[in-house]
1. List the residues whose amide H sits under 5 Å from the amide H of A:Arg525, counting only those 5 or more places along or on another chain, with H placed 1.01 Å from N in the peptide plane.
2. Please go through the range B:6-38 and write out the trypsin sites (Lys or Arg not before Pro) that DSSP classes as loop and that have at most 11 other C-beta atoms within 10 Å.
3. Quickly rank A:280-290, A:257-267, A:557-567 as a protection proxy: mean count of other C-beta atoms within 10 Å, highest first.
4. Could you go through the range A:403-408 in sequence order and give the Karplus-derived ³J(HN,Hα) for each residue, using 6.51 cos²θ - 1.76 cosθ + 1.60 with θ = phi - 60°, rounded to whole Hz, and x for Gly and Pro?
5. Mind ordering A:482-488, A:345-351 by average Cβ neighbours within 10 Å, highest first?
6. Can you give the convex hull volume of the alpha carbon atoms of the range A:193-279 per residue, in Å³?
7. Going by a ≥ b ≥ c, the root eigenvalues of the Cα gyration tensor, does the range A:89-176 fall in the rounded group (a/c under 1.5), the prolate group (a/b larger than b/c) or the oblate group?
8. Convert 10 °C to kelvin, take the viscosity as 1.306 mPa s, use the Kirkwood radius over C-alpha pairs of the range A:236-350 as Rh, and evaluate the Stokes-Einstein diffusion coefficient in µm²/s, rounded to a whole number.
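Each value in this text was obtained by applying a stated rule to the coordinates, not by laboratory testing. Note that the structure is a prediction, hence the values are computed from the model and not measured. We place every Cβ from the backbone using ideal geometry, glycine too, and count neighbours over all the protein chains shown.
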Amino acid sequence: MLDRFEIHEHDVLVIGAGGAGLRAAIEASANGVSVGLVCKSLLGKAHTVMAEGGIAAALANVDKEDSWQTHFTDTMFGGKYINNFKMAELHAKEAPERVHELEHWGAVFDRTNEGKILQRAFGGHKYKRLSHVGDRTGLEMIRTLQDKGVHMGIDVYMECTVTKLLKDGDRISGAFGYWRETGKFVIFKAKSVVLATGGMGKMYKITSNSWEYTADGQALAYNAGAELIDCEFIQFHPTGMIWPPGVSGILVTEAVRGEGGTLTNNKGERFMERYDPKLMDLSTRDVVARAIYTENKEGRGSVHGGAYLDISHKGADYVKKKLPSMYHQFKDLADVDITKGPMEVGPTCHYSMGGVRVEAETAMSCVPGLFAAGEVAGGMHGANRLGGNSLSDLVVFGRRAGLYASEFAKKNSQAKINEKEIESSEKEVISFFENSGENPYAVHMDLQDLMQANVGIFRTENDIQKAINGLSKLKEKAKKVKIEGSRMYNPGWHMAYDLQNMIMYSEAIARSAIQRKESRGAHSRIDYPDPNPDDATWTSLIKLGTNGEMVVGKAPVIPMSKELKEVLKNDEGRVSKYSNLLK
Amino acid sequence: MASPYRMKNAKFKVYRGNASEGQEVEYTVPVEEGMVVLDAIHYIQKNQAPDLAVRWNCKAAKCGSCSAEVNGKPKLMCKSRLDDFNLDEEINVRPMKSFPIIKDLACDVSWNYEVNKKIKPFTPKENTNWIMKQRDVDRVQEFRKCIECFACQNVCHVIRDHDLKPKFAGPRFFVRVAGLEMHPLDAADRLSDLKNDMGIGFCNITKCCTEVCPEDIHITDNAIIPLKERIVDKYYDPFKMIFRKIFGMQ
Ligand SMILES: Cc1cc2nc3c(=O)[nH]c(=O)nc-3n(C[C@H](O)[C@H](O)[C@H](O)COP(=O)(O)OP(=O)(O)OC[C@H]3O[C@@H](n4cnc5c(N)ncnc54)[C@H](O)[C@@H]3O)c2cc1C
Ligand code: SF4
Ligand code: SF4
Ligand code: FES
């Protein structure tokens, strides 16, 4: 029966070719196993390419006092102490080595006067810590990894969407998907699989994320029996473009503030003074996003409902050198010259802290042979991610996932492909052509309206419940959406499938959000405005129930080692507001 | 702010079809302030033609996915503002001409990925301390801005009119090689590859590539011409050749 399918076989299959997937593939390949790398877009176009501001690592090239301990402390404060401590520790310790490695593979970062890698300030980082290339750091990173990867004999399958992870009993055995170009199906057999599919922001109306971010990896893992954690924590980046309408949501890098940009309201006040007098404009993202939202609610917003962000005092030459893509973005898309006057900015859905629950050292999920790294994995960033900590996360845990997935593949044989699973996967994806329901784009817009209005920056029990009710109706509609045209390169059909994943993850967000009756990091409850230190001991846990229902629970935050507690001691004042871990 | 555009419509003619057959189909799109061609294509997709194939990712000129020919000119659709067009006339949108069409606006650019594979990777000098001054990497950073939109490949007559693809790597990859050759710490030599396999000699410096580069990379002046000069120095300069013979240098 399988004969009618195109089949590829590898020791390790990596799904996703952003920073995490590429780094994983390189490591696995270097470890001597055969590697397949699948991605929905063309190679080099993953979200990682859009990252602007920089990659965080305590190199101490600019501020000599910096150390992994300070980076760890900042990351934990940013995440409000429910991060997986072990991940935050490994990340802080290994990031510098990974950045140097990128340089050794050909990346060309901006330089200090002595000729070392330059680092800039960013929100929530105590020291100047972000290595960067102007405001196109992600491009530098993905191109470096891509060019390294193509010489390692990795087989790349571009414009191929995975719709199901295949299992033999408990164990992973491969993946099933379709070619976007032809609509034909393809089976990948593998001894282990690394998920590196990135984020999920497309269920929100205003987002910095592209069409790819439909929570595919989160849904693939969930449907394969893996656990998701921290789904309530969605980062709304404080500075997205808001005008003109076509560009709303597009990111304005935090590097603008890192380089000295200031936020003001319609009265010309530097309003961050009232929300975080110490860190001001470089406060953590959750705080700045809420501040802009509140200024608007109280009538002090900018013309189009945001805030003003001004960097023009730095002079035209400086701005064009350090923020060239921001300069062009505003000039070309909004007719605003940021060397002469302020930009208008407002919050945009940006990043998902939650995701697949993994073991810190190996990046393996609870499904044997299934690994996850990058934005699709949860735990590292806790309740709120610091800027720059994602790019470093990608290479630190991408490498680990690739290493341990290849070790797993060496120790285990190929598990069987279950023909029934293939048949049902095929039916699931094709079924849409026989439907007579709504246009998938219309259902998608309904979903975006629902999530934006009810599970956004500020949340209440009532609103979240509204979302949960709405989602169950949308789920039915989404099953029935009607597809026009053939299977060849048909975005409407692709959307029909993506919708199922977005709705699944939206439900995970809402159910986790209603469970957390406190405010912590990116999760702000109007009905429970304060953090409760007692709630720092658990993270939300979502998994698939035996009858196909979504099960919501809690997982304990792993206990912190003595050494790490010592590190946090210097920061006791801030810790105790959110957590009892030092008591 | 009252918008002067609110009531206006724009007429588009979009290529619909595959490599063997297709036609331009007319669509009408209501115009909003600040709208770009890609917004219009998305509007058509949402409301009139859900199966219209188009590539895009960033919508901010950072990923190089959305290249197409708008009124016959290679453009990033996400960067092409409608207010730069005369909206009394139809706007024509077609896939890039130099690559085989897959469907509608998506074409097969896989050849470019094959070319890239053949380029000798970055090879650091031994025992370097990794110190590089900013002024020594400025030029390399210019080349590394490339977002692989392939507009330069599309417009270069060696590819577009003469289809010398197997023998010619194209401006995008001259830029890439220049980024490696001018890297202060790179030790590999790609000049013979450039001359032989990559066919840099076919380039007659028309500068069409530079004109369309959305990243403003000075492809011809900063990458191609210096590379050509290095080749001349190496292979054709008699003094240098004798010098090489006497001292046994490569
Ligand atoms: C505009 C912007 C700016 C940012 N700036 C910064 C910054 O300065 N610093 C920082 O640290 N972070 C930044 N971030 C965040 C960071 O860029 C992302 O979190 C990170 O790049 C995600 O990388 P990844 O490898 O996990 O996934 P991605 O790079 O998103 O790659 C995901 C891959 O998975 C593939 N994929 C997805 N679903 C499927 C499927 N079903 N089948 C097959 N393949 C699939 C995709 O095609 C893609 O190749 C920014 C994010 C954005 C949007
Ligand atoms: S300058 Fe050379 S590479 Fe560029 S378009 Fe002209 S012939 Fe092609
Ligand atoms: S060099 Fe310029 S035109 Fe050519 S692919 Fe790169 S960005 Fe596009
Ligand atoms: S969508 Fe990325 S360049 Fe146009």
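1. For A:Arg525, whose amide H was placed from the backbone, the distant partners under 5 Å are A:Arg459, A:Ser519, A:Arg520.
2. B:Arg6
3. Packing proxy ranking, top to bottom: A:280-290, A:257-267, A:557-567.
4. 5, 6, 5, 6, 4, 4
5. Values: A:482-488: 17.4, A:345-351: 27.1.
Highest mean packing first, the order is A:345-351, A:482-488.
6. Values: hull volume 13.2 nm³, N = 87.
Given the Cα convex hull of the range A:193-279, per-residue volume reads 151 Å³.
7. Numbers: a/c = 2.70, a/b = 1.90, b/c = 1.42.
Note, shape of the range A:89-176 comes out prolate.
8. Rounded, D is 115 µm²/s.
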